[in-house]
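Let me begin by presenting the structure, written as structure tokens, before commenting on it.
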Amino acid sequence: MLRAPLILAATIVAAASYAQQPTVTPWTELHRVAIPDDLPAHPRVFCTADDLARIRADYAAGDDYTRVCVDETVAAAQGYAATPVGAGDRPTPTHFRRAATLAQAYALTDDEDLGRVALALLTWAADVCPTIEPTRSRGIFTDSTLSEGAVAVDAAMAYDLIADAPFVSGDQRAHIEQDLLRRLAWESGHRCGHRNSSNWRTWALAIIASCGFAIGDRELIDEAVNGAWDPDRNAYLYGAVQQLTHSLFADGIHWERSMGYQYYTMSALMYVLAAAQNSGIDLWGDLPGILGPFEGGAGHEEFGPAGPRSVRAMLDAPFYYAFPNLSFARINDSGTRGLTYHRIYELAWRHYRDPKYAWLISRRRATDENAPAWWSVWRPAGDPLAEAVADAHSGEVGWRLRTAAGDRVALVQNVQAPADRAVTVTGWVKPLEMDGGSAHIRCNAGGEAVFTDRVTEAGGWTQVNCTVGPNPEAAPGTLREVRLHVFLEGGAGEVIWDDISATVGGGGAELAHNPGFEARSADGRDTDFWSLVNSAPDVPAGHFSLAEDATIGLVGRHEDGCTNFPIGGFTILRADAADESALAVNLTWGPYGSGHDHPDRLAIAVYGRGRIVAPDAGSWGYDNPMHLTWANQTIAHNTLTVDEVAQYPQGASDSIWASERNGRRVFGVQRLFHAGERLKATRVTCDTAYEGVLMDRTLCLVGGYLLDVFRVTSAEEHTCDLALHGVGEMTADLALEPAPEGWLSGGYAHLADVRRADLAGPVRCVFADEEDALLALHVPLQEATLIAGGDPTRSGQPPTGALISRSVGQSAAWVTVLESFADAPSVRDATVERDADALTVTVEHADGRDVFTLEHDPDGRISLRRLDTGGAALAEESAVPEP
């Protein structure tokens, strides 16, 4: 049962606000967090004097982790100190990373030689910075505010760690503060074209906060924390307070409605929260929510309800957005595959002591606790194995990687190399078993990727190599970063890697650290300076379970294994949250969240048997034409397309950043959410995606199958296409004829091998690949045409097919029963009866019959009667909207 009326109340309040014109609050009345009159002495931005004292004491006491971190930092700094400082016409992000590393090493050791090189790098940057005209996207040393964020963090950290050093003169301090840090803050931060809720503004705040706290500029600090009125743009520039109380909804979902951008925004906020905390400003605690529009604020109306807000809701949301195996439906512009560790959780653990944060941290440390020093283990797909073994090409230790089909894993290290010289990369691999897998090294440098030969057959030790060519425009002495990925991917396999080498021209000094994997990391924590400062040494195992009820923010609810985000507009129904193989579905219906949203209201992604079996189109990359012509077209999503045109605001636009216009908004309204013992259900309507068209979707999850009822009504006649995209090849129990060439246009044109058939009644379709199958027992309640085709394919993604049910008229309804299975489905048949008040759907399955009564009224009830194979009643349950 739904135990929290506030969920539906929040939905109704949010929907009602779209039609109302509430009072606009003057910006002067916004809540402001006090800025201290006096700031601490340096260092104060991303570490403090107390942090450094603790680290030095731990090093002296022989703490293994501290020794690994400090020794790696100092060794890297000593390498940088031997490189010419001012090579090239301007510093690159690599130079700022070096300056930060050199300053960190100075702060840890008092080695003035290292500190002076950091000073020289910052002085060079300050000399050059005033001469550089910012790009249109407000980059100075990079192309945009987004990329400038890392530059500002490194520059501020470097300056903060040497600012009070005896070798830094007053003139040098003034030069760096005025000509570098303040200019970065104003040009790339304050003047960023994004003013309020977007991830761009959050990264602008990271720049403003880093530089503001480093130079002690109270005006910049106040803007980073509280925001600022900009009279030139007649707009309020959001600070962290507004980001946390308006851009972040009351259920923990960020305005852009993408889990990938949720994490990306966390990354920027982390720097703001950390710097503020070190100067006595607590942004981790509760803040009053913004309850209505205010002068110069963002145009989206997701305000309230009243009550305290904090970043904690943002951190909690990903846990409950996940499917049972912790994977994510990759809805909108999101490449994030599942619940993922992020360094902000280390800070959050210190503040909240939340056992699920400890669980996430401990889980990650247990995975990487044996990673070789200087290397990290990257698992972009699946759950591959990476571990040290006593089988080596030389020395005593090799590194074993093992993958199943679909897994990817790599050992990763960033190598600093001369930009004007070729770099030869070699490695030795011993392929033990190979079944489709490929062992190779990928080298990324300057936007280019170079690969060694691929080893695909089992055998003995084999050397692979490649050469990363020089940058012909690089000045002598200029450094670049070459990122080594020592891979096993593309299929199942097991290999041992050893002796990964990177040298200039195949000779000279070794550029890769720990090439033979002999040195080991200490305890699973990252070994960079940030982690040394912020990661707790003893984090308990913690605990997290989707089977336990929880609250997310003020109104997000997780009950009986199901999750409802009533402001962000995601509903996740799970048949059994404790069973990774159990069926689940994600329904997206919330307000349009900027150009990173997609035209996909009322779309579903279906999960079963441990993987997503009916995926969302996701993001194809902004430079890929398919992102516009496929991913941003409604037909690529598991929802309704009208007249072969994408939902508003995409429509017929040729922009991947199509946005709401002229005050017209798009959103769904949740009518019902029910997380019961047997029945998990939700119902959502939307009349804003197409003018004059009301879409209405009801989902009922019962045991091993999902009942999907989609209704559409309009005063005008339309062509309505309900799409379902499933993993594998689609077959149907009726004959399909090839469609005429050119019959479909727009996004539809990407479908391959298009076939069609007229439907006179139910059709049984199955999507299947080598692993599993998905049954779609489809019942259109009017004349329909079944359209089938193959979806466009993407590297690293399983192929999918499309089932499109087309009806023409003023109204239509479709009933579909979905079940994920291996050998044979349990569902046998489905019949539908319709009268003036309701639809009655009977689903026959191996254990009996389920009879659903679904009232036509959008605010009507759903009733379920379960009968055994003999027709005897087993149970009844009803889902009723809260008043």
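If you count only protein heavy atoms with a 1.4 Å probe, what accessible area per residue comes out for the stretch 261-309, rounded to a whole Å²?
29 Å²
Give the shape of the stretch 770-865 as rounded, prolate or oblate, defined through the alpha-carbon gyration tensor: a ≥ b ≥ c are the square roots of its eigenvalues, a/c under 1.5 means rounded, and otherwise the shape is prolate if a/b is larger than b/c and oblate if not. Can you show the working numbers first?
Working: a/c = 2.45, a/b = 1.39, b/c = 1.77.
Oblate is the answer for the stretch 770-865, as a/c is 1.5 or above yet b/c matches or exceeds a/b.
What nm value, rounded to one decimal, do you get for the distance between GLU677 and ALA873 when each label is placed 7 Å out toward the C-beta?
Distance between the two pseudo-spin positions: 1.5 nm.
Within the stretch 597-624, name every residue whose backbone N is under 12 Å away from a label modeled 7 Å from Cα of ALA749 along the Cβ vector.
Within reach of a label on ALA749, which here means backbone N under 12 Å from a point 7 Å along Cα→Cβ, the stretch 597-624 contributes nothing.
Please list, in order, the residues from the stretch 869-883 whose amide nitrogen is less than 14 Å from a point placed 7 Å along the Cα→Cβ vector of GLU855.
878-883
Quick one: helix 145-162 against the long Cα principal axis of the chain, what's the angle to the nearest 10°, folded into 0 to 90?
For 145-162 against the chain, the angle is about 40 degrees.
I'd like the trypsin sites (Lys or Arg not before Pro) in the stretch 631-716 restricted to DSSP loop residues with at most 12 other Cβ atoms within 10 Å, sorted by number. Mind showing how you got there, number by number?
Values: sites: ARG661, ARG664, ARG665, ARG671, ARG678, LYS680, ARG683, ARG697, ARG711; in loops: ARG661, ARG664, ARG665, ARG678.
Passing both the DSSP loop test and the Cβ count: ARG661, ARG664.
Set the Förster distance to 25 Å, then compute FRET efficiency between ASP171 and ALA75 from the Cβ-Cβ distance, nearest 0.05.
On the way: r = 32 Å, r/R0 = 1.29.
In this case the efficiency is close to 0.20.
Between 0 and 90 degrees, rounded to the nearest ten: what's the tilt of helix 199-215 against the longest Cα principal axis of the chain?
So the helix axis and the longest Cα principal axis differ by about 20 degrees.
Fully extended, how many nm does the chain gain between ASP623 and TRP378 (0.36 nm per residue separation, minus their Cα-Cα distance)? Working shown, then result.
Numbers: separation 245, 0.36 × 245 = 88.20 nm, distance 2.46 nm.
That works out to 85.7 nm of additional length.
With unit charges on the beta carbon (Lys/Arg positive, Asp/Glu negative), name the residue among HIS175, TYR159, THR467 whose Cα is farthest towards the positive pole of the charge dipole of the chain.
Comparing the listed Cα positions along the dipole, HIS175 ranks first.
Once the piece of chain linking LEU291 and GLU481 is laid out straight, how much longer is it, given 0.36 nm per residue of separation minus the C-alpha distance between them?
Working: separation 190, 0.36 × 190 = 68.40 nm, distance 4.69 nm.
Length difference between fully extended and current span is 63.7 nm.
Residues in the stretch 97-115 near a label at THR83, defined as backbone nitrogen under 19 Å from the 7 Å Cα→Cβ point?
Residues 97-107, 113-115 qualify, since their backbone N sits under 19 Å from the label point.
Quote the FRET efficiency, to the nearest 0.05, computed for THR462 versus ARG67 with a Förster distance R0 of 41 Å and r equal to the Cβ-Cβ distance. List each step's numbers first, then the result.
Working: r = 35 Å, r/R0 = 0.86.
The formula returns an efficiency of 0.70 here.
Going by average Cβ neighbours within 10 Å, how do the peptides 296-304, 786-794 rank, with the highest at the top?
On the way: 296-304: 21.2, 786-794: 18.3.
With the highest mean Cβ count within 10 Å placed first, the list reads 296-304, 786-794.
So, counting K/R as plus one and D/E as minus one, what does the shell of residues with Cβ under 9 Å around ASP154 add up to? Walk me through the numbers before you get to the answer.
Working: positive: ARG97, ARG98; negative: none.
Local charge sum for ASP154: +2.
May I ask you to derive the FRET efficiency for HIS31 and THR840 from their Cβ-Cβ distance with R0 = 51 Å, giving the value to the nearest 0.05? Kindly include the intermediate steps, with their values, before the conclusion.
Values: r = 52 Å, r/R0 = 1.03.
My answer for the efficiency is 0.45.
Using a 1.4 angstrom probe, figure out how much accessible area the stretch 51-108 has per residue, in square angstrom, rounded to the nearest whole.
I get 39 Å² per residue for this part.
Find how many whole Å separate the alpha carbon centroid of the stretch 584-608 from the alpha carbon centroid of the stretch 28-88.
First find each Cα centre; the distance between them is then 42 Å.
Tell me which of SER714, HIS725, LEU701 sits at the most positive position along the dipole axis of the stretch 684-731, charges placed on C-beta atoms (Lys, Arg +1; Asp, Glu -1).
Result: LEU701, furthest along the dipole toward the positive end.
Roughly how much of ASP286 is accessible, in Å² to the nearest 10, using a 1.4 Å probe?
It works out to around 110 Å².
Loop only by DSSP, 16 or fewer other Cβ within 10 Å of the Cβ. Give me the GluC sites (Glu not before Pro) in the stretch 785-883 that pass, ordered by residue number.
On the way: sites: GLU819, GLU833, GLU844, GLU855, GLU876, GLU877; in loops: none.
Listed in order of number, the matching sites amount to none.
State to the nearest 20 debye the size of the charge dipole of the chain about its Cα centre, where the only charges are +1 on K and R beta carbons and -1 on D and E beta carbons.
Working: 69 positive and 119 negative charges, 162 e Å.
Dipole size: approximately 780 debye.
Rounded if a/c is under 1.5, else prolate if a/b is larger than b/c, else oblate: which is the stretch 777-829, with a ≥ b ≥ c the root eigenvalues of its Cα gyration tensor? Each step should come with its number before you reach the end.
On the way: a/c = 3.36, a/b = 1.28, b/c = 2.62.
Since a/c reaches 1.5 but b/c is at least a/b, the shape of the stretch 777-829 is classed as oblate.
Which of the listed residues, GLY871, LEU488, SER258, is farthest toward the dipole's positive end in the chain, when Lys, Arg count +1 and Asp, Glu count -1 at the beta-carbon?
It is SER258, whose Cα lies furthest towards the positive end.
SER795 versus ARG136, label points 7 Å from Cα toward the beta carbon: distance in nm?
Distance between the two pseudo-spin positions: 2.9 nm.
With label points built 7 Å along Cα→Cβ from the Cα atoms of ALA41 and VAL808, find their separation and express it in nm.
8.2 nm
For the stretch 229-313, which trypsin sites (Lys or Arg not before Pro) are in a loop by DSSP, counting at most 16 other Cβ atoms within 10 Å?
Working: sites: ARG233, ARG257, ARG309, ARG312; in loops: ARG233, ARG257.
Answer by residue number: ARG233.
Between the alpha-carbon centers of the stretch 160-178 and the stretch 634-685, tell me the distance in whole angstrom.
54 Å
The values are calculated or read from the model by the stated rules, or taken from the named source; none is laboratory data. In this text the structure is predicted, and so the values were computed from the model without any measurement. Positions of Cβ are backbone-derived with ideal geometry, glycine not excepted, and every protein chain shown enters the neighbour counts. Just so you know, the surface numbers come from the protein's heavy atoms only, side chains and all, with ligands and any DNA or RNA stripped out. Shrake-Rupley method; radii C 1.70, N 1.55, O 1.52, S 1.80 Å.
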